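J.: Before anything else, here's the structure in question.
Just so it is clear, none of the values below were taken in a lab; they were calculated from the coordinates. Here the structure is a predicted model, which means the values were calculated and not measured. Quick reminder, even Gly has a Cβ in these numbers, built from the backbone with ideal geometry, and neighbours come from all protein chains shown.
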Amino acid sequence: GDSVTQMEGPVTLSEEACLTINCTYTATGYPSLFWYVQYPGEGLQLLLKATKADDKGSNKGFEATYRKETTSFHLEKGSVQVSDSAVYFCALSDLGTNAGKSTFGDGTTLTVKP
Amino acid sequence: EAGVTQFPSHSVIEKGQTVTLRCDPISGHDNLYWYRRVMGKEIKFLLHFVKESKQDESGMPNNRFLAERTGGTYSTLKVQPAELEDSGVYFCASSQHFEAFFGQGTRLTVV
């Protein structure tokens, strides 16, 4: 079945450092890929998405590119802020069968220190 | 517009007791999903409703879990009797087309 593997955390960075959270996937079809974020005390929020190969999703300074050849969707940000501290989840969804049913990775906890 | 709302936000119960979690989806969303995250691991799919019908319940762990969505509006997830391994965060999500919107989750602790 489908699966998502995320870089293990936790990750601790200083403010303005560069961030990369690795995500690779296995899927039988042609999934859409997502990054969700959960800030402390809040629910899951969609951060960005990409629906086909070579698409780049971006939001709030974060970017991720759908790489079919390496089955990856790494999350990047050039300069993190304290407010980026959260848990980040990589996920995939096969729109062909069930648009909202998603497969998630384990989540990566990011802490940004001033 | 109100988002997906889950009640309660936290619940602590003893092993063997019953707990009912509730999810109010975004108004007009036909699709409703339940997920859970156990022991800080991945968020796992439990089941999917389309309106009041169960479209996919392949992720339900066992028959101690019962989900309902009467009238195609809000949904409940009952755990009876609860076991220690049921502890975790239970998320609900709703969607109409492409994007799923998640609630804050219910943190369930079974002691």
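J.: Only one of (1) away from chain B (no Cβ under 12 Å); (2) among the small types (Gly, Ala, Ser); (3) free of Cβ contacts under 8 Å to residues at least 40 places away in the same chain; (4) surrounded by 16 or more Cβ atoms within 10 Å (Cβ to Cβ) fails for residue A:83. Which number is that?
T.: With (1) away from chain B (no Cβ under 12 Å); (2) among the small types (Gly, Ala, Ser); (3) free of Cβ contacts under 8 Å to residues at least 40 places away in the same chain; (4) surrounded by 16 or more Cβ atoms within 10 Å (Cβ to Cβ) applied to residue A:83, the lone miss is (4).
J.: Oh, and also: Can you tell me which residue among B:11, B:27 is in contact (Cβ under 8 Å) with a residue 12 or more places away in the chain and in contact with a Leu (Cβ under 6 Å, 6 or more places away or on another chain)?
T.: Exactly one of B:11, B:27 is in contact (Cβ under 8 Å) with a residue 12 or more places away in the chain and in contact with a Leu (Cβ under 6 Å, 6 or more places away or on another chain), namely B:11.
J.: Of the numbered conditions (1) part of a loop (DSSP other than H, G, I, E, B); (2) within 14 Å of chain B (Cβ to nearest Cβ); (3) surrounded by 14 or more Cβ atoms within 10 Å (Cβ to Cβ), residue A:41 satisfies every one except a single condition; which is it?
T.: (3)
Listed here are the residues, each with its yes/no results for (1) within 14 Å of chain B (Cβ to nearest Cβ); (2) surrounded by 19 or more Cβ atoms within 10 Å (Cβ to Cβ); (3) among the polar types (S, T, N, Q); (4) not in a loop (DSSP other than H, G, I, E, B).
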position	(1), (2), (3), (4)
A:20	no, no, yes, yes
A:29	no, no, no, no
A:33	yes, yes, no, yes
A:47	yes, yes, no, yes
A:57	yes, yes, no, yes
A:70	no, no, yes, no
